[in-house]
Structures are given as structure tokens and as C-alpha cells.
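Before any comments, here is the structure.
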Ligand SMILES: C[S@@+](CC[C@H](N)C(=O)[O-])C[C@H]1O[C@@H](n2cnc3c(N)ncnc32)[C@H](O)[C@@H]1O
């Protein structure tokens with residue numbers, strides 16, 4: 001669909017090792033790279049136009065989610081030379097986008113998708129120490145603590161929402 005886009009999949013080393021053989025056979029092998037690491041400890045791939053976290057936030061409580069987001073924000077700041085419109089490092093606009101794809105809890109859960117999200121919340125609680133499905137206000141709070149502001153929230157035809165966010169302080 002977007003033949004000029006290139007991507008990087010950042011994952012734990014054992015997952016990368018497992019998926020690499022089939023990935024190399026797949027349609028995106030020539031314009032994607034696989035990078036193994038730990039998003040709490042390691043530097044994330046730097047200077048991308050967009051960072052996508054799909055079903056990552058819900059595994060974690062706010063403290064850990066904030067740490068992941070702060071790491072993303074640091075990676076955004078490291079845009080390559082020449083991508084700041086000539087403004088220089090001091091007045092550099094961080095024009096990178098964060099996209100979070102996750103379920104979102106609804107106050108009045110009547111749709112089947114919303115009920116599924118409430119159920120997913122129970123699963124997160126039982127599987128992970130601090131993971132939970134967030135309401136919009138929860139996303140807003142943890143994103144702003146990590147230095148992001150929400151640009152818009154897009155519903156999809158599924159239970160997932162796409163939250164578009166950008167660094168709240170444009171000048172690094
Ligand atoms: C719920 S899965 C979502 C996977 C995929 N994004 C998707 O939507 O299907 C969360 C992923 O986070 C990865 N993960 C967990 N801890 C991590 C860490 N410290 N560093 C990097 N990735 C991690 C797991 O290996 C897992 O694949």
C-alpha cells in the first residue's frame with residue numbers, strides 16, 4: 001500500500017530469533033529491519049517519522065508505560081542532521097509521531113467490542129502484575145507525564161483505537 005515506507009521491528013531477542021526465518025520469506029523483508037532489545041534499557045531506533053506501539057501499553061502499569069514512552073520520546077529527539085528544517089539543535093522541532101494502537105475502556109460498555117475490552121482488562125490483571133486496559137483519561141494522564149500530548153483518537157472497526165500523539169514540548 002505504501003511502497004516507499006521502511007520499518008523497524010523492535011522486539012525482545014528471543015522473539016526476533018523466532019520470527020526472523022519467516023519474516024525473511026515475507027513481503028516486507030526488503031524494507032524492514034529487525035532490531036532486538038529491551039525497551040526499558042536500550043536505546044530505541046532513532047529519528048523515525050513515526051513510532052507505533054500496538055498492544056504494548058496494556059501489558060504495563062503507568063510507571064512502566066511512562067518509562068517506555070519516555071524512551072520513545074528520547075529516540076524521537078535524535079533525528080538525523082538536516083531533519084530539523086535548518087533551525088539548528090537548540091530550536092529543533094520534534095516532528096515525529098507516536099501511534100498507540102490499543103483497546104480503550106468505555107464508561108458505558110454496551111457494544112460487544114467494549115465488553116471484550118472489559119474482559120481483556122481482567123485478563124491483563126491476571127496475567128501481568130500491573131497491566132490494565134485504559135480509559136481515554138488514563139492514556140491522557142500517562143502520555144502527558146511522559147511529555148506527549150494527544151492529537152486525536154481514531155476509532156476503528158475493531159475494538160482497537162488509534163491514539164495519535166506528539167511531543168508536548170516541541171523544542172528540545
Ligand atoms: C501484547 S504483545 C503485542 C505484540 C504486537 N505488537 C501485536 O500487537 O501483536 C507485547 C509485546 O511486547 C514485547 N515486549 C515485552 N517486554 C518487552 C521489552 N522489555 N522490550 C521489548 N519488547 C518487549 C513482547 O515480546 C510482546 O511481543
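The values are calculated or read from the model by the stated rules, or taken from the named source; none is laboratory data. What you see is a predicted model; the values in this text were computed from it and never measured. FYI the Cβ positions are ideal-geometry reconstructions off the backbone, even for glycines, and counts take in every protein chain you see.
Residue-wise test of (1) within 15 Å of the ligand (Cβ to nearest atom); (2) modelled with pLDDT of 95 or more; (3) under 25 Å from residue 144 (Cα atoms); (4) assigned by TED's automatic domain parsing to the domain that holds residue 103.
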{"residue": "1", "(1), (2), (3), (4)": "no, no, no, no"}
{"residue": "4", "(1), (2), (3), (4)": "no, no, no, no"}
{"residue": "13", "(1), (2), (3), (4)": "yes, yes, no, no"}
{"residue": "17", "(1), (2), (3), (4)": "yes, yes, no, no"}
{"residue": "50", "(1), (2), (3), (4)": "yes, yes, yes, yes"}
{"residue": "53", "(1), (2), (3), (4)": "yes, yes, yes, yes"}
{"residue": "62", "(1), (2), (3), (4)": "no, yes, yes, yes"}
{"residue": "68", "(1), (2), (3), (4)": "yes, yes, yes, yes"}
{"residue": "79", "(1), (2), (3), (4)": "no, no, yes, yes"}
Selection within the range 128-139 - touching a residue at least 40 places away in the same chain (Cβ under 8 Å) and either farther than 17 Å from residue 164 by Cα or part of a helix (DSSP H, G or I) (or both): 128, 129, 130, 131, 132, 133, 138, 139
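To keep it simple, each residue is scored yes or no on (1) under 26 Å from residue 57 (Cβ atoms); (2) in contact (Cβ under 8 Å) with a residue 60 or more places away in the chain; (3) in contact with a helix residue (DSSP H, G or I) (Cβ under 9 Å, 6 or more places away or on another chain).
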residue: 5; (1), (2), (3): yes, no, yes
residue: 9; (1), (2), (3): yes, no, yes
residue: 12; (1), (2), (3): yes, no, no
residue: 15; (1), (2), (3): yes, no, no
residue: 22; (1), (2), (3): no, no, no
residue: 30; (1), (2), (3): no, no, no
residue: 34; (1), (2), (3): yes, no, yes
residue: 37; (1), (2), (3): yes, no, yes
residue: 40; (1), (2), (3): yes, no, yes
Name the pairs whose Cβ atoms lie under 6 Å apart, with the first residue in the range 50-76 and under 13 Å from residue 128 (Cβ atoms), the second assigned to a loop (DSSP other than H, G, I, E, B), and 6 or more positions between them or separate chains? 58/131; 58/133; 59/128; 59/131; 60/131; 61/130
Odd one out for residue 83, checked against (1) modelled with pLDDT of 95 or more; (2) part of a loop (DSSP other than H, G, I, E, B): (1)
Identify the residue in the range 33-61 that is within 17 Å of residue 167 (Cβ to Cβ) and in a strand (DSSP E or B) and, among all such residues, is nearest to the chain's Cα centre (by Cα). 53
Can residue 99 be described as surrounded by 13 or more Cβ atoms within 10 Å (Cβ to Cβ) and at pLDDT 95 or above? yes
